[in-house]
Structures are given as C-alpha cells and as structure tokens.
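To start, I am sharing the structure in question, which I have written as structure tokens.
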Amino acid sequence: MQFKKQFLAGSILAVSVMGLSACLGGGSGSDNPATTTGPAVFSLQVLHFADMDGDDNVALNSVANLSGLLNQFRSQMPNNTLVVSSGDNYIPGPRLSASEDPTVQTVLRDVRGSTTIRTSIGRADMAFLDAMAVQASAVGNHELDLGTSEFRTIFAPDVRSGGTDVRWNGAQFPYLSFNADFSKDSNLNGALNGNATPIKANGAKASDVRGGLTGWVTAEVAGQTIGIIGASSPTFPSITSTGGITFEGGAAGGAVDIDALAASIQRGVDQMTAAGINKIVLLAHMQQIRVEEQLAERLRNVDIIVAGGSNARLGNTRLRPGEASQGQYPKLFQSPTNMVALVNVDGDYKYLGRLIAPFDADGKLVASGIDRTVSDAYATSTSDTAGGVTPNANVVKIRDALKNVIASKDGNVFGNSAVYLDGRRTAVRTEETNLGNLTADANLAYAQLFDPGVQISLKNGGGLRSDIGFIETQPGSTTTTFKPIAANPGVRAEGAISQLSIENSLRFNNQLVVVSVTAQRLKELMEHGVAATAAGATPGQFPQVGGFSFSFDPARAARTTGAAGSSSDGTGQRIRSLKVGNDVVVQNGVLVGDPNRTFKMVTLNFLADIGTTGVGGDSYPFQVLAQQSRLNLASANPIDSNAFTSANTFAAKGGEQDALARFLRRFTTTAKYNLAETPVAGDTRIQNLSARNDTVLQ
C-alpha cells in the first residue's frame with residue numbers, strides 16, 4: 001500500500017496560490033496544473049452516474065443502453081475500473097411503485113438467484129445498480145423522501161430463519177455519507193427482524209459493507225487501494241424526510257456552512273491518509289455544484305470529486321442532441337495539496353461519466369495527463385444497442401418488467417387530484433394530512449353504502465405507505481415544492497390517480513369493518529392514537545380520521561395501554577375537545593353527556609381484531625370481538641348492489657383499495673380533488689394544541 005503525499009508548506013504553497021488563481025471562478029479546467037507531479041504510473045477509470053430522479057420514461061428507456069456502454073468501457077480496462085453513483089438512485093413515483101408488483105418479484109428472483117426474494121418499492125432500482133456492479137453510492141436526498149424506514153427496506157438485507165429465508169439480499173454496495181450521523185435514527189441504528197443494523201464502521205472494503213451505511217470504504221483496483229468517501233448536503237433536513245439522521249456542515253436557516261462542511265469531510269479524509277491511502281474519491285451529493293467546487297478548493301488530499309444532485313451537465317463533445325454543456329469534463333481545481341478533478345453528469349441514465357485519471361508513483365493525480373477526447377460524459381440512447389453495445393441482460397429483464405407494470409396499472413385511472421397528496425411517513429404518523437383525510441373519507445363513504453348509519457372513520461397513519469404526488473427539488477436548488485403526481489406521457493395525465501398509486505399508498509389493503517363504539521371508548525381510542533406523539537417520534541398508531549374532529553395537547557399525560565374492554569382511559573389527559581357532527585363528546589378534557597351512547601365507526605380489521613395481547617393492531621384498545629356488533633364489509637351485502645356491478649375496480653370488495661378507487665371515481669373524475677396539504681397550524685380535524693388554538697367546538 002502506497003503512502004499519501006505530504007504537504008510541503010513552503011514550495012507547494014507558492015504554486016498552490018498560482019493554481020488557485022487559475023482555477024477559481026468555476027474551475028476553468030487548466031491543463032497547466034500548479035502541483036508538481038511525476039510521470040503517470042497508474043490509471044484509474046471511474047465510471048459514474050447519478051440523479052435518476054427526473055423522468056421515469058427517460059430513465060427506463062435509457063438504462064439498458066447505459067449498461068451496455070458501461071460494459072464496453074469496463075472491458076477496455078477490466079482491472080482498473082471503479083463504478084460509482086453520487087446518489088438519488090430512485091424517487092417516489094410509478095417506477096418505484098411498480099417494483100412491488102408480483103410480476104417484478106418473479107424477475108427479481110430470477111436475476112438475484114433466490115426463490116424467496118420478496119419485492120418492495122424501490123428494490124428494482126437497487127437491482128439495476130447491482131446488475132451494473134456499482135461499488136459505492138453517496139446518500140442522496142431522494143433516497144430519504146419516504147423516510148428512513150423505507151430507505152432501509154430498499155437497500156438493506158432482510159434475511160430470516162437463520163439465513164434460509166432471504167427475503168431481500170440488499171444492495172450489493174454500501175451507501176456512504178461521512179458527515180451524516182445515522183446512529184440516532186431508530187429505523188437504522190438497531191436490529192430489525194433478526195437483521196443487524198446496517199450502520200457499519202468506517203474503513204472496511206466496499207465489498208464487505210454490502211447493504212450497509214458508513215462514511216468511507218476502500219476498493220482494490222489493479223493492486224492499488226482506492227479510498228471512497230461520501231458526503232451529503234446539510235440542507236437535507238429541509239428538503240426530505242431525514243428522520244433522526246443529523247448532518248454536519250449546516251448553518252442557520254438550513255444553509256451550507258462550507259468551512260464547517262469541509263472540516264467534517266476532512267476528518268474522514270485524514271483517517272484515510274493516516275491509513276496510508278493515497279488515492280481518494282469523494283462521492284458528494286450537494287445539490288449545487290458550486291458547493292462541490294468550493295470543497296475541491298478546500299479539501300486536502302482528495303483527488304477526484306464525483307458530484308451529485310445538481311444535474312450539472314459537464315461534457316465535452318458527446319452530448320445528446322439539443323443539450324448544451326455546462327462546463328468541461330472534468331473541471332480541474334487546485335486544493336491546498338494537489339490538483340482535483342471534479343466530474344458530474346446529467347441524470348435519468350442519460351449520460352455515463354467516464355474519467356480516466358492518471359496517477360504518479362506518489363499517488364498524485366497527473367491532471368495534465370487527462371485526455372478530454374476520452375474522458376467525457378457519454379450520451380446514452382433510447383435504443384438498447386445504439387453504438388454497437390450489448391446491454392446487460394438482467395437490466396433489460398428488470399426494465400421490461402417495470403415498463404409492463406407501469407403500462408398496465410398506471411394507465412388504469414380512477415380519479416384526479418390538483419394537489420400533492422401527503423402520505424409521507426413523517427407526516428401521516430405525526431399530523432393530519434390531506435391523503436389521510438381523503439382515505440378516511442373514502443372508507444366512510446364506502447361503509448355508508450352498506451350501512452347509512454355509519455358516522456365516523458378511523459385508520460392508523462402507519463397504514464399509509466406512500467404519497468401520491470411529486471416532490472420536486474430543482475437541480476441547483478435547495479427549495480422543495482410538492483406537486484400533484486407527474487404525468488406519465490402516453491399513459492396518463494398529470495394529477496391522474498391510477499391503480500398503481502392506490503396500490504402503493506394502501507399497500508396493506510386492510511379490510512374494512514364497522515363496529516359500534518361508546519363515547520367513552522371513542523375518547524380512549526383517540527387518547528391511544530396520540531399517546532406516543534413526541535418530538536421526533538413517528539408512531540404508526542397516530543390516527544387519520546373522518547366524520548369527527550378533536551384536539552390534543554401533547555404536553556399532557558399520555559394514556560397508558562390497558563386491557564381490552566376496560567372502561568378506564570388509563571391516565572390519558574391529552575384529548576381536550578372532540579365532536580362528532582354537532583355532538584360534543586369531550587370538552588376541556590372531560591367527557592360530555594352519556595358516556596355509553598354509541599357511534600358506528602368504520603375502521604380497519606387490523607386495528608379492531610383483538611389478538612393474544614388483548615388489544616388490536618398498533619395496540620388500539622377496541623372491545624373484544626364478541627362485543628363489537630361487527631359488520632365485515634368483505635362479506636356484507638351493499639344496500640345498492642348496482643353500485644358494485646356498474647363500477648368494478650381492480651380490488652376485491654371490502655378493502656381500502658376498493659374504497660379509495662370507488663371514492664375517486666365517484667367524486668373526482670369531473671372535479672379534481674383540490675384540498676391542499678396544510679401545516680400543523682392549519683389542521684382542523686386533528687388539532688395539535690402545541691401548534692394552534694383549539695377551535696373544535698366553535
């Protein structure tokens with residue numbers, strides 16, 4: 001293992017100043033590097049891409065050709081190649097959702113070589129990267145859009161029964177971010193279903209950290225040790241669902257403190273140089289390429305920076321028709337110790353970046369030896385074999401399976417929304433959301449087709465698994481906007497809600513039941529629903545409701561879970577007001593009127609079914625089954641049978657998917673759903689008194 005060059009404070013500092021003056025202002029790409037180097041003795045080929053988060057059709061139509069181009073370049077330098085991504089390998093949308101379909105599961109079992117694989121959203125995207133032998137990726141913001149639990153489900157292994165039940169063998173590469181602290185996130189820092197935490201120590205070989213999270217790893221390339229370190233923008237908490245993850249390098253107001261960010265990354269780089277590593281690649285997902293440029297000028301001993309998140313289209317002569325270059329490939333910068341090559345390509349598999357980086361015997365990048373007629377961003381094609389390449393067979397299989405699902409399910413439209421429907425884990429488990437309201441109302445309207453006397457609806461936030469909409473962060477921006485679901489050209493229009501969206505959001509398709517609950521029981525249920533609410537907590541039991549409204553004070557005593565059927569509400573004092581229609585049930589925290597008067601409620605069988613613990617799903621304190629006066633909608637007869645024969649949907653009768661599909665078809669085909677998501681202070685059904693005043697009884 002070779003040792004990292006040392007910074008000579010005198011002579012190199014003088015030429016560093018000259019180099020900085022030549023390369024500042026966007027990194028002009030000087031071929032007259034200031035740092036003195038010896039002759040090149042080793043060449044590293046870095047193949048890279050990122051930001052597959054814009055257009056599903058472009059990505060799916062380009063990935064096969066990219067895989068063939070990658071194979072061609074790798075075959076030219078089979079022992080000297082490193083394949084990496086700088087993050088945003090997927091995004092919520094049709095492609096992510098289609099990954100869950102049983103037909104895709106069949107393909108994944110084939111390409112992954114396991115008959116026990118269980119598909120889930122996003123796993124086909126991981127399978128793309130694995131088929132192309134990606135060796136490491138930075139953590140991008142879109143990896144976290146659905147929360148840290150879904151992130152783990154997508155990239156980390158899930159192996160049970162002592163290793164015989166491989167439900168998912170996980171990404172075959174590590175996710176990297178040195179300036180991120182994953183240890184405080186409950187979804188990442190502990191064992192799950194017998195699987196160890198995916199958080200691993202720094203410094204291992206990349207091949208030993210498959211499906212893991214860490215700051216930096218190594219890879220052996222032609223007998224040389226390459227250090228690979230990741231970094232994520234400290235703006236992530238303001239643009240995605242970071243859970244308990246914290247990021248170093250941020251400033252007040254969510255901006256980047258470039259000096260603090262560089263200092264954080266430098267600590268990891270220094271660990272690598274202390275270990276004798278003298279060739280270092282930084283995978284950075286900073287959203288704005290100017291941030292990576294500033295890092296290139298500040299970081300010591302980093303040789304190559306692969307940028308991400310900005311979609312900056314660096315390129316020389318091989319761009320797609322009609323697309324202009326936004327800078328030379330690579331850009332060259334002088335750091336305090338060495339020349340740095342900065343690369344970036346546009347997303348959606350439209351380009352494969354190819355950097356052939358020569359190094360001298362001391363591990364210094366010989367920047368003057370980079371040939372921009374070979375090192376470039378290579379445009380891919382929507383034709384699989386364009387350029388005479390042979391696409392990766394497994395990539396083609398996965399791509400075709402996804403496209404078939406999208407064509408059949410995403411074109412089966414049931415309604416329309418003019419707004420983003422918020423089903424993100426961090427929202428539905430902590431506050432009222434417009435998607436929570438929509439699905440609770442759909443369940444209520446559905447139940448009334450069987451029994452017009454049903455008054456209220458209750459479901460758990462944990463039963464909502466995804467949003468229906470598009471989270472947009474423009475390249476080069478740190479501002480996030482929430483939009484209705486994007487159009488799928490040739491399949492459906494913008495805002496059109498399809499079978500695919502419904503199945504993805506209501507993944508469990510819980511069966512609906514009608515039960516009678518007393519006023520006392522209703523208060524108990526709501527006390528339980530908000531009992532686990534606390535700063536940073538995202539309890540699955542948090543309610544989403546229809547037909548009634550309530551307020552709660554999270555600073556007051558929470559209900560303690562008691563035995564099912566108990567008449568006591570524990571010590572719960574959080575529910576301050578509750579009203580069903582004009583019937584006041586709770587005022588100033590006290591039950592009003594006859595505590596034994598009843599309301600018919602539609603809820604999920606998951607919540608109402610009393611198990612061996614004496615409580616229902618998510619520990620809801622429903623009455624025991626024998627006392628529920630229960631109506632199972634799956635086996636019940638609707639009042640008007642024509643409502644079911646004239647408007648058949650894709651789902652079986654009695655479940656949440658059928659309820660939402662019929663509700664959308666009934667109410668939103670002519671007038672789009674337009675109730676936008678509100679901040680907590682604007683919520684009216686579930687009023688959190690730490691954020692607003694109580695208006696339930698007004």
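Of everything in the stretch 200-239 that's assigned to a strand (DSSP E or B) and touching a Gly at 6+ places or on another chain (Cβ under 6 Å), which residue is surrounded by the fewest Cβ atoms within 10 Å (Cβ to Cβ)? Break it down into steps so the answer makes sense when it comes.
At the first step, the residues of the stretch 200-239 found to be assigned to a strand (DSSP E or B) are 205, 213-214, 216-221, 224-232.
Subsequent filtering for residues that are touching a Gly at 6+ places or on another chain (Cβ under 6 Å) retains 216, 218, 229.
On the way: TRP216: 30, THR218: 24, ILE229: 28.
Result: THR218.
If we scan the stretch 380-387, do we find a residue that is surrounded by fewer than 18 Cβ atoms within 10 Å (Cβ to Cβ) and without any contact (Cβ under 8 Å) to a residue 24 or more places away in the chain?
Our first condition is that a residue be surrounded by fewer than 18 Cβ atoms within 10 Å (Cβ to Cβ); within the stretch 380-387, this holds for 382-383, 385-387.
With the extra rule that they be without any contact (Cβ under 8 Å) to a residue 24 or more places away in the chain, the set shrinks to none.
No: zero hits.
From the set of residues in the stretch 455-484 that are at pLDDT 95 or above and surrounded by fewer than 24 Cβ atoms within 10 Å (Cβ to Cβ), which is nearest to THR649 (Cα to Cα)?
PRO484
Hey, another quick one. Quickly run through the stretch 275-312 and pick out the residues that are among the polar types (S, T, N, Q) and more than 28 Å from the chain's Cα centre (by Cα).
Within the stretch 275-312, the subset among the polar types (S, T, N, Q) is 278, 287-288, 294, 301, 310-311.
Across the stretch 275-312, the qualifying residues are ASN278, ASN301.
Would you confirm whether or not the stretch 658-676 contains a residue that is out of contact with any Ser or Thr (no Cβ under 9 Å at 6 or more places or on another chain), surrounded by 18 or more Cβ atoms within 10 Å (Cβ to Cβ) and of a type in the set (Ser, Thr, Tyr)?
no
Can you tell which of ASN596, ASN642 is of a type outside the set (Gly, Ala, Ser), modelled with pLDDT under 95 and assigned by TED's automatic domain parsing to the domain that holds THR560?
On the way: ASN596 fails: modelled with pLDDT under 95.
Matching residue, one of ASN596, ASN642: ASN642.
When only residues in the stretch 145-160 that are modelled with pLDDT under 95 and among the hydroxyl-bearing types (Ser, Thr, Tyr) count, which is farthest from the chain's Cα centre (by Cα)?
The qualifying residue farthest from the chain's Cα centre (by Cα) is SER149.
Follow-up. Which count do you get for residues in the stretch 653-694 that are acidic (Asp, Glu) and either within 29 Å of LEU631 (Cα to Cα) or at pLDDT below 95 (or both)?
The total comes to 2.
Continuing with this model, one more query. Taking ILE468, is it under 17 Å from the mean Cα position of the chain (by Cα), assigned by TED's automatic domain parsing to the domain that holds ALA636 and either more than 30 Å from PRO234 (Cβ to Cβ) or touching a residue at least 60 places away in the same chain (Cβ under 8 Å) (or both)?
Details: under 17 Å from the mean Cα position of the chain (by Cα): yes; assigned by TED's automatic domain parsing to the domain that holds ALA636: yes; either more than 30 Å from PRO234 (Cβ to Cβ) or touching a residue at least 60 places away in the same chain (Cβ under 8 Å) (or both): no.
It is false that ILE468 is under 17 Å from the mean Cα position of the chain (by Cα), assigned by TED's automatic domain parsing to the domain that holds ALA636 and either more than 30 Å from PRO234 (Cβ to Cβ) or touching a residue at least 60 places away in the same chain (Cβ under 8 Å) (or both).
Could I ask something else about it? Anything in the stretch 535-579 that is at pLDDT 95 or above, of a type in the set (Val, Ile, Thr) and surrounded by fewer than 18 Cβ atoms within 10 Å (Cβ to Cβ)? List them, or say none.
Residues satisfying the conditions do not exist here.
Go through the stretch 490-508 and give me each residue that's within 18 Å of the chain's Cα centre (by Cα), crowded, with 19+ Cβ neighbours inside 10 Å and of a type in the set (D, E, K, R).
GLU503
Would you check which residues across the stretch 668-697 are of a type in the set (A, V, I, L, M, F, W, C) and within 21 Å of THR603 (Cα to Cα) and list them?
Filtering the stretch 668-697 down to residues of a type in the set (A, V, I, L, M, F, W, C) leaves 671, 675-676, 680-681, 686, 689, 691, 696-697.
Listed by number, the list holds a single entry, ILE686.
Additional query: List the number of the failed condition for ASP384; all other conditions in (1) farther than 30 Å from ALA659 by Cβ; (2) assigned to a helix (DSSP H, G or I) hold.
Unmet for ASP384, out of (1) farther than 30 Å from ALA659 by Cβ; (2) assigned to a helix (DSSP H, G or I): (2).
Being closer than 29 Å to GLU220 by Cβ, out of contact with any Ser or Thr (no Cβ under 9 Å at 6 or more places or on another chain) and not small (Gly, Ala, Ser) is the filter here, so list the residues in the stretch 257-281 that pass it.
ILE265, GLN266, ARG267, VAL269, ASP270, GLN271, THR273, VAL281
If you check LYS397, LYS403, which single one turns out to be assigned to a helix (DSSP H, G or I) and farther than 18 Å from MET132 by Cα? Give the derivation first.
Values: LYS397 fails: farther than 18 Å from MET132 by Cα.
The conditions single out LYS403.
Can you name the residue in the stretch 70-93 that is part of a helix (DSSP H, G or I) and surrounded by fewer than 24 Cβ atoms within 10 Å (Cβ to Cβ) and, of all such residues, is nearest to the chain's Cα centre (by Cα)?
We begin by selecting, within the stretch 70-93, every residue part of a helix (DSSP H, G or I); these are 70-76.
Now drop any that are not surrounded by fewer than 24 Cβ atoms within 10 Å (Cβ to Cβ), which leaves 71-76.
Details: ASN71: 28, GLN72: 31, PHE73: 30, ARG74: 30, SER75: 33, GLN76: 35 Å.
Across the stretch 70-93, the extreme among qualifying residues is ASN71.
Sticking with this structure for a sec: What tally of residues in the stretch 384-415 results from selecting those that are of a type in the set (A, V, I, L, M, F, W, C), modelled with pLDDT of 95 or more and within 23 Å of the chain's Cα centre (by Cα)?
So the count comes out to 4.
What is the residue count in the stretch 27-50 for residues that are over 19 Å from SER375 (Cβ atoms), modelled with pLDDT of 60 or more and either in contact with a Ser or Thr (Cβ under 8 Å, 6 or more places away or on another chain) or among the hydroxyl-bearing types (Ser, Thr, Tyr) (or both)?
Pass one, the stretch 27-50, residues over 19 Å from SER375 (Cβ atoms): 34, 36, 38.
Narrowing the set further to residues that are modelled with pLDDT of 60 or more leaves 36, 38.
Narrowing the set further to residues that are either in contact with a Ser or Thr (Cβ under 8 Å, 6 or more places away or on another chain) or among the hydroxyl-bearing types (Ser, Thr, Tyr) (or both) leaves 36.
The number of residues fulfilling the criteria is 1.
Moving on to the next point. Can you run down the residue pairs with Cβ atoms below 6 Å, 6 or more apart or on separate chains, where the first is in the stretch 114-131 and touching a residue at least 24 places away in the same chain (Cβ under 8 Å) and the partner is assigned to a loop (DSSP other than H, G, I, E, B) and hydrophobic (A, V, I, L, M, F, W, C)?
If the second residue must be assigned to a loop (DSSP other than H, G, I, E, B) and hydrophobic (A, V, I, L, M, F, W, C), the pairs left are MET126/ALA171.
Now, a different point. Go through the stretch 624-637 and count every residue that is closer than 21 Å to PHE599 by Cβ, over 37 Å from the mean Cα position of the chain (by Cα) and in contact (Cβ under 8 Å) with a residue 12 or more places away in the chain.
Initially, the stretch 624-637 is screened for residues closer than 21 Å to PHE599 by Cβ, giving 624-633, 636.
Applying the additional criterion that residues be over 37 Å from the mean Cα position of the chain (by Cα) yields 624-631, 636.
From what's left, in contact (Cβ under 8 Å) with a residue 12 or more places away in the chain: 624-625, 627-631, 636.
Here the count works out to 8.
Would you pick out the residues in the stretch 117-144 that are of a type in the set (Val, Ile, Thr), touching a helix residue (DSSP H, G or I) at 6+ places or on another chain (Cβ under 8 Å) and at pLDDT 95 or above? Outline the logic, then answer.
At the first step, the residues of the stretch 117-144 found to be of a type in the set (Val, Ile, Thr) are 117, 119, 121, 134, 139.
Filter again for touching a helix residue (DSSP H, G or I) at 6+ places or on another chain (Cβ under 8 Å), leaving 117, 119, 121.
Within the stretch 117-144, just ILE117 meets the criteria.
Can I ask one more? Looking only at the stretch 243-263, how many residues end up being surrounded by fewer than 22 Cβ atoms within 10 Å (Cβ to Cβ) and in contact with a Phe, Trp or Tyr (Cβ under 7 Å, 6 or more places away or on another chain)?
1
Give ALA532, ALA445, ALA487 a once-over and let me know the one that is small (Gly, Ala, Ser), surrounded by fewer than 22 Cβ atoms within 10 Å (Cβ to Cβ) and under 21 Å from GLY654 (Cα atoms). Talk me through it step by step, then tell me what you get.
Details: ALA532 fails: under 21 Å from GLY654 (Cα atoms); ALA487 fails: under 21 Å from GLY654 (Cα atoms).
One residue alone meets the criteria, ALA445.
May I pose another question? Considering only the stretch 162-171, I want to know if a residue exists there that is buried (at least 21 other Cβ atoms within 10 Å of the Cβ) and within 14 Å of the chain's Cα centre (by Cα).
So far as the stretch 162-171 goes, no, none of its residues is buried (at least 21 other Cβ atoms within 10 Å of the Cβ) and within 14 Å of the chain's Cα centre (by Cα).
The values are calculated or read from the model by the stated rules, or taken from the named source; none is laboratory data. Only a predicted model underlies this, so the values are computations on that prediction, with no experimental measurement involved. Glycine also receives a Cβ, built like all others from the backbone with ideal geometry; neighbour counts cover every protein chain displayed.
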